Structures are given as C-alpha cells and as structure tokens.
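Heads up, the thing below is written out as structure tokens.
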Amino acid sequence: MGNLTGKTVLCADDDLEILAMVARHVKTLGAEVVEASDGEEALRLARREKPSLIILDVMMPGMSGWEVCRAIREDVTLKDTSVLMLTGIGERLNEMTSPLYGADAFVDKPFDLDNLTEKIAEVLEKRE
C-alpha cells in the first residue's frame, strides 16, 4: 500500500516545516520528491516535471493552491496528474471547494501520516 516507486510527487506548502515533513514521508513511500514553497513555483515545477501526484497546500502567498489546481486541470500535458489538497480551512469548506477546482481529494490539517498515505494511494488508484 502506498508504494510510489518510480513516481514523481510534487509537494507544495509555504509552511516549510510541513513541507519538509510531507516530503520526507513521501520519500519513504519510494517517490522522487520535488518541493515548492509557493503557488507559482508549484505550477512551474508541475509543468516541467509532470508529476504523478501533487500534494498542494491551499493557503500560499501569490497563487493559492486552488488557482494552481485549476491551472493544472486546464493544462492538457498534466491530464494524468492527481491533485491532493492539503489545508486547514475546515473539512466542510474543503469538501465543497476541492471538487470545484478539480482536486482529486483533500486532507485536512492537522493530519496524521497514515491518513495521508491512505489518501495518496486512493487518488493514484483513481487515475490508474
């Protein structure tokens, strides 16, 4: 479960502590990890790296995670990329907003790594 060997995962969060924790965790699942600390950088790296999965924080300076997600969904070269939103805006709001922007799933902050692993496996299965 949650084997990401051979996959590239882009992690984007402006909270560097959370970014480091998520990136470290995803690496333990076997993925190649690319990190971004704001929305513009996340979108640029997504277009360059064509990751299997993007774990995207919503509240970031500049471009929000929602805007990045929408841009990814509009980019035909990223049609196979899954998007997992990571956010502290509250589950109800998340549930309503994530699908609007084309996100495959969301995880509420604070979260535990087991829950994150389950969500990662879930969204990747959906795409394959």
Inset, instruction - Considering every residue within the range 117-127, establish whether at least one is assigned to a loop (DSSP other than H, G, I, E, B), modelled with pLDDT of 85 or more and of a type in the set (D, E, K, R). - result: no
Legend entry - Leading residue by the ranking (most open to solvent (accessible area, probe 1.4 Å)) among those in the range 10-57 that are β-branched (Val, Ile, Thr) and touching a residue at least 60 places away in the same chain (Cβ under 8 Å): 18
Legend entry - Any chance residue 64 is surrounded by fewer than 19 Cβ atoms within 10 Å (Cβ to Cβ), modelled with pLDDT of 95 or more and among the hydroxyl-bearing types (Ser, Thr, Tyr): no
Legend entry - From the options 116, 93, 78, 53, residue that is out of contact with any strand residue (DSSP E or B) (no Cβ under 7 Å at 6 or more places or on another chain) and closer than 21 Å to residue 7 by Cα: 78
Inset, instruction - Select from the range 82-116 the residues that are assigned to a helix (DSSP H, G or I) and in contact (Cβ under 8 Å) with a residue 60 or more places away in the chain and write down the one among them that is surrounded by the fewest Cβ atoms within 10 Å (Cβ to Cβ). - result: 113
Legend entry - Residues of the range 72-104 classified as at pLDDT 90 or above and closer than 18 Å to residue 8 by Cβ, total: 11
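The values are calculated or read from the model by the stated rules, or taken from the named source; none is laboratory data. Remember, predicted model here, so these are calculated numbers, not experimental data. When we count neighbours, we look across all protein chains shown, and the Cβ atoms used for this are built from the backbone with ideal geometry, even at glycine. Please note that ligands, DNA and RNA were not included when accessible areas were found on the heavy atoms of the full protein model with its side chains. Shrake-Rupley method; radii C 1.70, N 1.55, O 1.52, S 1.80 Å.
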